[in-house]
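The values are calculated or read from the model by the stated rules, or taken from the named source; none is laboratory data. None of the values given here were measured: they were computed from a predicted structure. Ideal geometry is used to build each Cβ from the backbone, glycine not excepted, and the neighbour counts take in all protein chains shown.
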Amino acid sequence: MGIGIFGKRGIFFTFIAVMLMAALIIIFSPSTSINVANKPVVKTRVITLNDFVQDLENSYFESILKVSSHRAILAMASYMQSNNKFLADMQSGFSEAVLQGAINGQSSTIMKNNTLNEWLARMANFSEDTFNVDTQFTVNKVEIYQARPWFVDLRLNISFSVTSETASWEVSNFITNAELSIEDFDDPYYIVNTNGNYIQKINKTDVALDKWNLENVKSHIRYGTYAHFPDSRAPSFLMRFTNTSMASACCGIESLVNPNKLANKDQMESYADYLFFNHSLQGKCTELYNITDAPFRAEFPHFKLDFQHLVFYNISLQNTKRAC
Amino acid sequence: MYRKGYFFTLDAMMSLGILIIGSFLIFTSYASVPSRVQTAILAEDVMDFLSSTKIRDLNNPYAGIGGLLWQQGNITNADNTLLQQAGEFYYRNELGLAEKFIVNVTNELVPKPYKFEFWIDEYRIYPSSPSQEHVSSKNTTKILLPSKKLTYGILNKGMDLFGPYKSEVLVWE
């Protein structure tokens with residue numbers, strides 16, 4: 001009588017086993033199915049969106065900054081050629097071109113569909129279609145400056161947010177830096193000062209500072225290459241957009257004007273480009289020197305230089321004669 | 001007290017059977033977990049490889065620097081990632097070249113039991129003409145996980161940008 005129900009039937013072990021399995025299934029099965037079903041999907045979703053944000057920060061902003069800035073420089077040069085005038089302010093001119101696609105209110109075909117704002121709007125639409133996220137961009141500032149002679153530096157300050165149902169990102173004042181080589185851009189000095197008749201592209205010389213001689217100078221003039229002399233008073237590439245002929249501390253570049261490409265070939269000027277165009281030695285024949293070397297004179301008969309440039313180009317006084 | 005011992009023996013054997021079958025069912029359900037995770041990892045690995053490897057870092061006689069595509073002028077920017085290069089082919093509407101490129105650079109990247117597809121926007125770049133087996137395996141698979149990435153790149157010496165496009169790798173077993 002005191003044995004109980006399990007002692008009366010031979011289902012003692014079976015009952016215990018069923019209870020044990022029920023407990024095990026309850027413990028393991030539900031949690032397992034939740035993990036398997038949801039975790040990889042949510043994880044993949046968050047990873048994909050995080051990759052998208054990383055892509056924006058690490059690469060996309062830099063790419064659109066480069067492309068828009070490249071076109072903005074072309075657009076500014078084109079504006080200067082069409083209107084035959086220099087820009088009043090490089091920074092605001094660049095900012096207007098790169099963000100609004102216009103220079104001094106004139107819209108530029110070069111910037112069409114290529115402003116920063118257009119590329120950002122494109123990305124916002126793309127992210128909504130592709131990742132089903134809401135992306136908002138605000139450009140705080142875009143700058144152009146020079147710290148090296150042959151490159152312009154670009155800086156974009158941007159705030160953005162990416163919002164999805166699983167996660168969101170909010171980034172303020174994110175800074176993207178980029179650089180552009182100035183080679184192959186037209187020199188604005190030549191464009192405006194010659195009414196667009198003498199256009200020269202920036203093309204860096206491969207002659208080292210201590211290797212200049214008359215032969216190299218002839219090629220330098222012939223091919224319109226540019227040199228950087230650390231002690232020169234030449235303006236930088238960006239200063240040339242605003243007709244600023246002060247010396248650039250870091251980034252002055254200069255070419256030699258080819259007299260054969262001018263309407264008036266024989267002018268009493270130093271043919272170092274910034275001196276030629278700002279006329280600082282105009283008519284001062286006592287400060288100017290003709291090159292007397294016969295082959296040189298045959299090719300560039302009216303070419304003259306000031307004393308400082310004779311030194312820069314390593315031209316000895318024996319090969320020169322004062323212009324008067 | 002009144003029962004024979006074989007009742008208890010029979011009961012113990014039935015219990016043991018229940019335990020074995022129950023354990024088998026539980027552990028069988030666990031067996032599907034690794035394959036799902038592996039598929040996701042594989043899709044991400046293929047996408048990471050394509051998006052982080054540059055042409056200049058690729059040692060490949062077809063697509064690397066000095067390779068066939070380089071010599072023919074089809075690849076000109078060594079700083080392009082493989083994904084950007086595929087995107088550039090897509091931008092130039094050279095879809096056949098894009099497919100050959102993807103086949104070549106992903107050779108043996110995806111192990112045999114797995115299959116994969118590479119899409120840009122709504123175009124299946126690889127395989128452009130899938131086999132019947134490929135289609136049926138995709139239709140019948142229980143696990144098909146995508147890895148998406150945006151693709152864009154600079155063209156014409158910095159003058160133009162192509163994209164952004166949606167690139168997608170689909171992997172299944």
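Confirm whether A:Phe151 is under 22 Å from A:Leu116 (Cβ atoms), surrounded by 18 or more Cβ atoms within 10 Å (Cβ to Cβ) and of a type in the set (Phe, Trp, Tyr). So A:Phe151 does not fit the description; no. Count of segment A:61-85 residues, restricted to those that are away from chain B (no Cβ under 14 Å) and either among the polar types (S, T, N, Q) or buried (at least 19 other Cβ atoms within 10 Å of the Cβ) (or both), is 7.
State whether one or more residues within segment A:133-146 are in a helix (DSSP H, G or I) and touching a strand residue (DSSP E or B) at 6+ places or on another chain (Cβ under 8 Å). Break it down stepwise before answering.
Filtering segment A:133-146 down to residues in a helix (DSSP H, G or I) leaves none.
No; the residues of segment A:133-146 include none that is in a helix (DSSP H, G or I) and touching a strand residue (DSSP E or B) at 6+ places or on another chain (Cβ under 8 Å).
Restricting attention to segment B:157-169 and to residues that are touching a helix residue (DSSP H, G or I) at 6+ places or on another chain (Cβ under 7 Å) and under 15 Å from B:Phe118 (Cα atoms), the residue that is surrounded by the most Cβ atoms within 10 Å (Cβ to Cβ) turns out to be B:Val169.
Taken over segment B:118-148, the residue count meeting the criterion of being within 13 Å of B:Leu50 (Cβ to Cβ) and modelled with pLDDT of 90 or more is 5.
Of the candidates A:Thr194, A:Thr205, A:Thr176, A:Thr244, the single residue that is surrounded by 14 or more Cβ atoms within 10 Å (Cβ to Cβ) and free of Cβ contacts under 8 Å to residues at least 12 places away in the same chain is A:Thr244. So how many residues does segment A:282-316 have that are hydrophobic (A, V, I, L, M, F, W, C), under 22 Å from A:Ile191 (Cα atoms) and surrounded by fewer than 20 Cβ atoms within 10 Å (Cβ to Cβ)? Residues meeting the conditions: 0.
Can you go through B:Leu58, B:Leu69, B:Leu50 and tell me which one is modelled with pLDDT of 90 or more and within 18 Å of the chain's Cα centre (by Cα)?
None of the other options fit; the residue is B:Leu50.
Within segment A:208-221, take every residue that is surrounded by fewer than 18 Cβ atoms within 10 Å (Cβ to Cβ) and touching a strand residue (DSSP E or B) at 6+ places or on another chain (Cβ under 9 Å) and give me the one that is nearest to A:Ile315 (Cα to Cα). Only one residue tops the list, namely A:Leu214. Within segment A:222-237, the residues that satisfy the criterion of being buried (at least 18 other Cβ atoms within 10 Å of the Cβ) and in a loop (DSSP other than H, G, I, E, B) are A:Gly224, A:Thr225, A:His228, A:Phe229, A:Ser232, A:Ala234, A:Pro235, A:Ser236, A:Phe237. Is there a residue in segment A:79-95 that is under 18 Å from B:Leu161 (Cα atoms), hydrophobic (A, V, I, L, M, F, W, C) and either outside any helix (DSSP H, G or I) or at pLDDT 95 or above (or both)? The answer is no, given that none of the residues of segment A:79-95 is under 18 Å from B:Leu161 (Cα atoms), hydrophobic (A, V, I, L, M, F, W, C) and either outside any helix (DSSP H, G or I) or at pLDDT 95 or above (or both). If you go through segment B:149-173 and keep only what is among the small types (Gly, Ala, Ser), over 19 Å from B:Leu50 (Cβ atoms) and more than 9 Å from every other protein chain (Cβ to nearest Cβ), you end up with nothing.
Can you tell me how many residues in segment A:169-187 are in a strand (DSSP E or B) and in contact with a helix residue (DSSP H, G or I) (Cβ under 9 Å, 6 or more places away or on another chain)?
10
When A:Ala167, A:Ala147 are checked against the criterion of being modelled with pLDDT under 95 and of a type outside the set (Asp, Glu), a single residue qualifies: A:Ala167. For segment A:99-108, the count of residues that are within 12 Å of chain B (Cβ to nearest Cβ), free of Cβ contacts under 8 Å to residues at least 60 places away in the same chain, in a helix (DSSP H, G or I) and surrounded by 14 or more Cβ atoms within 10 Å (Cβ to Cβ) is zero. Would you check if there is a residue in segment B:143-156 being free of Cβ contacts under 8 Å to residues at least 60 places away in the same chain, over 17 Å from the mean Cα position of the chain (by Cα) and surrounded by fewer than 16 Cβ atoms within 10 Å (Cβ to Cβ)? Yes, segment B:143-156 has at least one match.
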